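The values are calculated or read from the model by the stated rules, or taken from the named source; none is laboratory data. On a predicted model such as this, the values are computed, not experimentally measured, just so you know. Don't worry about glycine lacking a Cβ; one is built from the backbone with ideal geometry, like all the others, and counts go over all protein chains shown.
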Amino acid sequence: MKQKSFLIKPEMNKRYKKITHGRGVYLFDENGKAYLDGSSGAITVNLGHNVNEIKKAINAQANKVSFVYRSQFTTNESEQLASKINGLFSFDEDFYSFFVNSGSEATETAIKMAIQYWQDRNKPTKQFILSRWFSYHGITRGALSLSGYRKRRERFEATLEKSPQLEAPYCYRCPFQLSYPKCNVRCAYELDTVIHKMGSTHIAAFIAEPIVGAAGAALTPPKEYYSIISAICEKHQILFIADEVMTGIGRTGDFLAIDHWQVKPDIIILGKGLGAGFTSIAAACISESLYSTLAKNSGFIMSGHTYSANPQSTATAFAVLEYIENEQLLKQVQKKGEYLMTKLTKLLKPFDIVGDIRGKGLLIGVELVEERSTKKMFPRQNKVLETLLQIAEEEGLLLYPAQAGNGVRGDAFLIAPPYIISYSEMNLLLRKIVKTLERLSSPDKKEEEDSHDQ
C-alpha cells in the first residue's frame, strides 16, 4: 500500500521520484537510476554533491555553535564571511554584507536599503524601484513586484507594484525590431526615457540581473549596455542594484557577472551559489558610501530574519568560497563554458527547433522555436518545454526551464552544470542533450528504439 504524503510539492498532482543521495555531478533515485545534474539543481549546487571539504566545515561548526541571534551577538564566522566577500569583489570601494536566508529575502533587504538610504539623504520621495521585463528577482511580494516574469506574476498581478517598465536586452527578439550594433543599444537608453517620464525624484533604484536567468534563458546584453545604464543611474541619482543571485559566485567565469562589463553597482545581491546547496544563505551587499550614510544617520537597517547571519550557514558559505579559490574553479568555469558553447553550437545546428544559444561561462540558455528562419514560437498548448524536460529526465539528464518568446508563449531551458564537471562528463551531457532533441523532434524515435530492444 502506497504511503500517504503530507508534503506539499511544486506540482501537487505529479508523482515525483525520490532522490536518496548525490555524488559529484550526479543524483541517484531510490531505484538506483543516475541523473546528470545539468542544471546544478536550481543553478545552485555549483560545487557538485557530497563535497568532503564542505561536509567537514559543516560538522566542525555544528560541534561549536549553530545559532546566534544577530541582534544580540556577532560571531567570527559571520565576520569572516563578510570580509571574504568584500575581498573577492573587484571594486575600488569596500562592500558590507547583510546576511539572510534566500535570494528573495536578499532582494527585499536591498529594496529597503535603497529606500532608507534616500530617506537618510533627506530625499524621502525616492521610493520606487525600477526593473525590466524578462526578469526574476524572487517570489515574495516585493521581489515579485520587481519581476518581469508574466507566468509568476499573473495570479497576484492586482496586488503587485508596476515595477517592470523597461524592455530587456533581448537581442534575439529585439523589442524595438532593431539589430545590434545599428540599434545603438536603444534598450539601455530606454532607462533615461522612463526616468524622465516618471521623474527621478520618485525613483530610488534600478535593479537588473547582469545576465537574465530563468526569466530569459541567459539573456546577455551588448558590451556597452551596463556602462550606459550605470551612467544614466549616476546622472539621475538613482542606485544600481545588481541581482547576482543566479549569476554570482563564479557562475559566468568571473566572481560577479557584472565584472564582465567593468561596472560597479551600489548594491549587490548574492544567493544560490553562496551556500552551494549545502545551506540556505544569501546576502545584500552595500558600498561604503551607502553604508556610511546609513550608519551616520539611521544607525541601523530596518530588515532582518530569525536565521540571518547564523554561524552554521556563514561558516558553510565561507568554506564554499575557500573551496572555489583553492581549486581555482573560476578559471575552469571560463574554459569549460567556452568548450560547452562551442560544442553546443556545432551539435545543435542540425536541429531546426533550436533558435538561439546564448550565455557566459557555465550559464547557457537554449531557446526553442517552431521554425528557425522566422523565429516562430510554438503554441503554448503544445507544451514543448515540458515535454523536453521529461524526455531529458528519462535520458538521465536534468535541465532548468526558462521563460522566452513574448513572456506568454516561448520555450527555453538552461544548461548550468556544477563547476567541477569533467570534460568526459560534459561530453556525456552533450550526447544526452542531442538524444533528447532527437526524441523531441521525432516522437516515434523512442518507440522504434524500444521495439528494437525487445
When you go through (1) among the charged types (D, E, K, R); (2) surrounded by 13 or more Cβ atoms within 10 Å (Cβ to Cβ); (3) not in a loop (DSSP other than H, G, I, E, B) one by one for Glu93, which number turns out not to apply? (3)
Ile211 being assigned by TED's automatic domain parsing to the domain that holds Val320, closer than 30 Å to Ile43 by Cα and touching a Pro at 6+ places or on another chain (Cβ under 9 Å): yes
Out of (1) assigned to a loop (DSSP other than H, G, I, E, B); (2) farther than 24 Å from Ile211 by Cβ; (3) in contact (Cβ under 8 Å) with a residue 24 or more places away in the chain; (4) not β-branched (Val, Ile, Thr), the one Ser373 does not meet is (3)
Restricting attention to region 376-385, which residues are in contact (Cβ under 8 Å) with a residue 12 or more places away in the chain and either among the polar types (S, T, N, Q) or surrounded by fewer than 16 Cβ atoms within 10 Å (Cβ to Cβ) (or both)? Pro379, Arg380
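Quick one: which residue in Glu394, Glu425 is farther than 27 Å from Tyr170 by Cβ, in contact with a helix residue (DSSP H, G or I) (Cβ under 9 Å, 6 or more places away or on another chain) and acidic (Asp, Glu)?
Checking each option against the conditions leaves just Glu394.
So that you can scan it fast, the table gives a plain yes or no per residue for (1) assigned to a strand (DSSP E or B); (2) among the β-branched types (Val, Ile, Thr); (3) under 20 Å from Leu47 (Cα atoms):
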residue	(1), (2), (3)
Ile364	yes, yes, yes
Gln381	no, no, no
Ala404	no, no, no
Val408	no, yes, no
Phe413	yes, no, no
Ile421	no, yes, yes
Met426	no, no, yes
Lys432	no, no, no
Leu440	no, no, no
Could you count how many residues in region 158-173 are under 19 Å from Leu368 (Cβ atoms) and either out of contact with any Phe, Trp or Tyr (no Cβ under 9 Å at 6 or more places or on another chain) or in a loop (DSSP other than H, G, I, E, B) (or both)? 4
Please specify each residue of region 156-205 satisfying the condition of being among the aromatic types (Phe, Trp, Tyr) and either crowded, with 16+ Cβ neighbours inside 10 Å or in contact with a Lys or Arg (Cβ under 8 Å, 6 or more places away or on another chain) (or both). Phe156, Tyr170, Tyr172, Phe176, Tyr180
Considering region 56-79 alone, what residues qualify as being buried (at least 16 other Cβ atoms within 10 Å of the Cβ) and either assigned to a helix (DSSP H, G or I) or not assigned by TED's automatic domain parsing to the domain that holds Leu290 (or both)? Ala57, Ile58, Gln61, Glu77, Ser78
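Pick from region 176-214 the residues that are within 22 Å of Asp266 (Cβ to Cβ) and of a type in the set (Gly, Ala, Ser): which of them is nearest to the chain's Cα centre (by Cα)?
Filtering region 176-214 for residues that are within 22 Å of Asp266 (Cβ to Cβ) and of a type in the set (Gly, Ala, Ser), the one nearest to the chain's Cα centre (by Cα) comes out as Gly213.
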